[in-house]
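S.K.: One structure coming up, written as structure tokens, with questions to follow.
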Amino acid sequence: MSVDSQTYRDAMARLGAAVNVVTTGTLDDPVGFTASAVCSVSDAPPTLLVCMNRASRARAAFHAGSPLCINVLSAGQRDISGTFAGPLDMYERFTVGHWTTLATGAPVLEEAVASFDCTLDRVVEVGTHSVLFGVVEAIRIGAPVGGLVYFNRAYHMLPHGGREH
């Protein structure tokens, strides 16, 4: 039995996910894109994965050994998601928000709910996508605010419901 790609995409639209801006490069030569396919792989060593369309303009900048930062967006940052998902060139994308660096030198969004600064360990090609595995070198936890998720092909804001550290 085979599942057609449209049915698969329709079902996956019902799998809610946090919205992230994934970056590489440096503050002088930044590259970034919006991603919702991000998840934890392991906590020993701390490792995350990000799925990226192989046809993405940003794909060539991501390779083993390069910096990789996953910036988790807050409920109020839908505009940043749209900027990094749209047609703007890389330099224009980084005109929104305030950017700094942590351990690897990858651009880190200061206003992010959390930022996972990684070294890209490996890239695995699967179908139409590249799966990027990043080993976490540093973490920045932002203000305790609500999150932004993508569900059923639309953005949704989650309230902040947790306790502060």
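The values are calculated or read from the model by the stated rules, or taken from the named source; none is laboratory data. Nothing here was measured: the structure is a model prediction, and the numbers come from that model. Note that each Cβ is placed from the backbone with ideal geometry, even for glycine, and that neighbours are counted across all protein chains shown. Heads up: the accessible areas ignore ligands, DNA and RNA and are worked out on the full protein's heavy atoms, side chains in. Shrake-Rupley method; radii C 1.70, N 1.55, O 1.52, S 1.80 Å.
S.K.: Of Glu137, Glu125, Glu92, which residue is open to solvent by 70 Å² or more (accessible area, probe 1.4 Å), in contact with a Ser or Thr (Cβ under 9 Å, 6 or more places away or on another chain) and under 23 Å from Ala55 (Cα atoms)?
M.R.: Glu92
S.K.: From the list Ala58, Ala103, which one is surrounded by 17 or more Cβ atoms within 10 Å (Cβ to Cβ) and either modelled with pLDDT of 95 or more or within 25 Å of Val149 (Cβ to Cβ) (or both)?
M.R.: When all the criteria are applied, what remains is Ala58.
S.K.: Of all the residues that make up segment 13-41, how many are loosely packed, with under 11 Cβ neighbours inside 10 Å and closer than 30 Å to Val135 by Cβ?
M.R.: So the answer is 2.
S.K.: Further question: Would you please name the residue that is farthest from Gly86 (Cα to Cα), looking only at residues in segment 1-12 that are open to solvent by less than 80 Å² (accessible area, probe 1.4 Å) and of a type in the set (Ser, Thr, Tyr)?
M.R.: Thr7
S.K.: Out of everything in segment 37-82 that is under 18 Å from Gly97 (Cβ atoms) and of a type in the set (Gly, Ala, Ser), what residue ends up being nearest to the chain's Cα centre (by Cα)?
M.R.: Ser81
S.K.: Ok, one more. The conditions are (1) open to solvent by 20 Å² or more (accessible area, probe 1.4 Å); (2) closer than 28 Å to His156 by Cβ; (3) without any contact (Cβ under 8 Å) to a residue 40 or more places away in the chain, and Pro46 fails exactly one of them. Which is it?
M.R.: (3)
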